[in-house]
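The structure appears right after this line, and notes come after that.
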Amino acid sequence: MTIKDQNLVSRLKNKMKNILFALVMIPLSVFTACNSDDDDDSFASKSDVDESGEKKINEGVFDALYTTGWFKKDKNVRPIYYKDNEVIELNKLDADHNTRASYISIENEDIHILGESTTPSKLLYWHNGNPIHLPHETLSSLIIPVGISVKDGNVHIVAKELNTELYGDVFYWKNGVRQRISAADKSAKANDLLVTDDDVYIVGSEDNRSGGFSFDPDEPETAAYWKNGEKHLLTAISKSSEASQIREDSKDIYISVLERDSGNDIYTIYKNDVPVKSYPSNEYIEDFAVKNGKIHAIAAYYVTNSDGTGLDTKLKYYVDDIAQSFSSKMTQSISLILHDDDVYVSGVYFEGDNPKSVLLRNGVPTNFEFEGEIENVTVNDMILKTKPRTS
């Protein structure tokens, strides 16, 4: 869910540090056939502004839009989440620790948030704003939240543990009870969680050697998912690969898989364990969603910058095989949600060294604020709490 580097080790290290996210909501009409850097607040239409001139995130299309994230200033990271335009700061538990609110799940009126604090690395879980440290006795390694899902009153949480050598383990909690998912003699990592009516899926990869990850094609990791704790490999062990995201559509299970082959990175979507869609080499699927069998995806790719000194990141939006340029100044995306006729995409852009989180609604950008500032606000996960449909 971050910008993809060709070397996955670098991506993981960046993720361990200060992953920078933001939120963008984009309808289908915003994706055009040309690039544009003209996201400007002057694009507001009357339907997107209330009588006071303030732009609205929610016009009654859904019950509420929730986003999680954090605010960083003066080396202090504070966990926050938004309900539409309202921002709520979460209790840190450890006041002197940097703390992030990473993922969110809502059932009925209960809000469940998964996050992390640092020094030492700990998982935090907030239930309706009340924080607890998630039990995990190994504090010498880095524990990274992967996802949270609440269904029928059961709280499902996944995290991955990495030590300084990037050796990893996958852990799963159900209602606070932890179990190790990965094999004791294998290094593994998790990237996403899906809970359906009947099953719990965790996607990631497993190293084929005992003792740690290798990104050498001769000793690769292999894309895998765990269904109710049982491991399934998606690709041949002769290839280096990992599973990134998992989605459900009409009982079908879709998984995005990154395969590495002699310097070419290729993303493929698997449907029920069968590859159905591959993307051009070195385009990195930030996230995808499936609706009525159509695969929507956000892909990142690189172009040489204007002064020739480095690379700029560009984005594409795919619907099945049709690709369109991404008309936005944002350079990173993290999450994609489809709702009715709208497409919601998360991302971030930079002006100077600091990130800004922005919301585009029908092409109209609105920055997220915290304590009157728009810089240093990073939004990570989003969820739409929808209203019950009426006839």
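Values in this text are rule-based calculations from the coordinates and carry no lab data. Predicted, not measured: the structure shown is a model, and the values here were computed from it. Positions of Cβ are backbone-derived with ideal geometry, glycine not excepted, and every protein chain shown enters the neighbour counts.
Each residue of region 258-273 was assigned a 3J(HN,Hα) from its phi angle through the Karplus expression (A = 6.51, B = -1.76, C = 1.60, θ = phi - 60°), giving 9, 10, 10, 8, 6, x, 9, 9, 10, 8, 10, 9, 9, 10, 6, 6 Hz with x at Gly and Pro. Taking packing as the residue-averaged number of other Cβ atoms within 10 angstrom, the listed peptides 91-104, 180-193 run from highest to lowest as 180-193, 91-104. Quick one: of K291/K385; K72/K160; K189/K231; K151/K277, which pairs are farther than 22 Å apart, Cα to Cα? Those over the limit are K72/K160; K151/K277. Rounded to 0.05, the FRET efficiency of the D252 and T118 pair, given R0 = 35 Å and the Cβ-Cβ distance, is 0.35.
Label region 240-369 by shape, choosing from rounded, prolate and oblate, from the square roots a ≥ b ≥ c of the eigenvalues of the Cα gyration tensor; if a/c is under 1.5 it is rounded, and otherwise prolate applies when a/b is larger than b/c, oblate when it is not.
oblate
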